[in-house]
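See below for the structure under consideration.
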Amino acid sequence: MTRFLSYRWQSPRLVAVMVLTLLIMGCQTSPSAIAESNDSPDSTVSSPSADLTLPDDSAMPPSVLNSVLQDIEKRTGIDANQLTWVGATAETWSDGCLGLGGPAESCLMALVEGWQVHVSYEQEEWFYRTDATGQAVRWIDTDLHSPLPPSLSDRLLQQVADETGLERDRLQVTDATSAVWNGCLGIEPDNGVCTEIAIFGWRVEVDVDGTVQVYHTNHDGSDIRRYS
């Protein structure tokens, strides 16, 4: 402003030229551009941020969770910010369709590194398979496919084989449901003392050479306990 006043006192003609230039520049801003600016979405609104829900020690990229949350929001209309990340396991899928290709679908026959992701909202749950970065995302239809993570199933069957001495091909997972356990995975210890914390996991039924055995696990299968 000081410089403008200085020019004003030294040259009225220069001031007039400057004012005219400013008026011309102002007229070049079209009404439509102003309307677009006023109607544009708030710049603070963005895609859901996995940084707010992923624990610091998670190896899963935030882009994977973002892709899953956005797909659930699109399918259900539930605000992605209301969804809860339960957990994820690193997996290797058998093909480019992440092992979920339909009968008429052509899938790239190559191993694909990725994730199985578990998300919940109140009493509802969703299970997804993704590639390593979340570019490929597939919802697991639990009416057609078991949501039990393949890595957990392998770990469980190996433990059962070690415990029983049976070959793996004589063992089969026949049922799996997600569960929320206490610190003892829902199995009462001898001393009756359990930590009252919520541990997401699985109740799994295994056919052991014709006999059904039930196991309780945590989310990724790093803790597996026989129930019956």
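The values are calculated or read from the model by the stated rules, or taken from the named source; none is laboratory data. No experiment lies behind these values; they were computed from the predicted model shown. We place every Cβ from the backbone using ideal geometry, glycine too, and count neighbours over all the protein chains shown. Side chains are part of the model used for accessible areas, which takes the heavy atoms of the whole protein and leaves out ligands, DNA and RNA. Shrake-Rupley method; radii C 1.70, N 1.55, O 1.52, S 1.80 Å.
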Legend entry - Any chance residue 29 is more than 12 Å from the chain's Cα centre (by Cα), of a type in the set (Val, Ile, Thr), at pLDDT 95 or above and open to solvent by 60 Å² or more (accessible area, probe 1.4 Å): no
Inset, instruction - List the number of the failed condition for residue 101; all other conditions in (1) of a type outside the set (Ser, Thr, Tyr); (2) part of a strand (DSSP E or B); (3) closer than 25 Å to residue 174 by Cβ; (4) modelled with pLDDT under 95 hold. - result: (2)
Legend entry - Selection status of residue 178, surrounded by 14 or more Cβ atoms within 10 Å (Cβ to Cβ), in contact (Cβ under 8 Å) with a residue 40 or more places away in the chain and either touching a Ser or Thr at 6+ places or on another chain (Cβ under 8 Å) or hydrophobic (A, V, I, L, M, F, W, C) (or both): no
Inset, instruction - Working only within segment 196-228, note down all residues that are within 18 Å of residue 116 (Cβ to Cβ), outside any strand (DSSP E or B) and open to solvent by 70 Å² or more (accessible area, probe 1.4 Å). - result: 222
Legend entry - Filter result for the condition that a residue is β-branched (Val, Ile, Thr), within 18 Å of the chain's Cα centre (by Cα) and open to solvent by 40 Å² or more (accessible area, probe 1.4 Å), over 130, 164, 142: 142
Inset, instruction - Could you tell me whether residue 85 is modelled with pLDDT under 95, surrounded by 14 or more Cβ atoms within 10 Å (Cβ to Cβ) and in a strand (DSSP E or B)? - result: yes
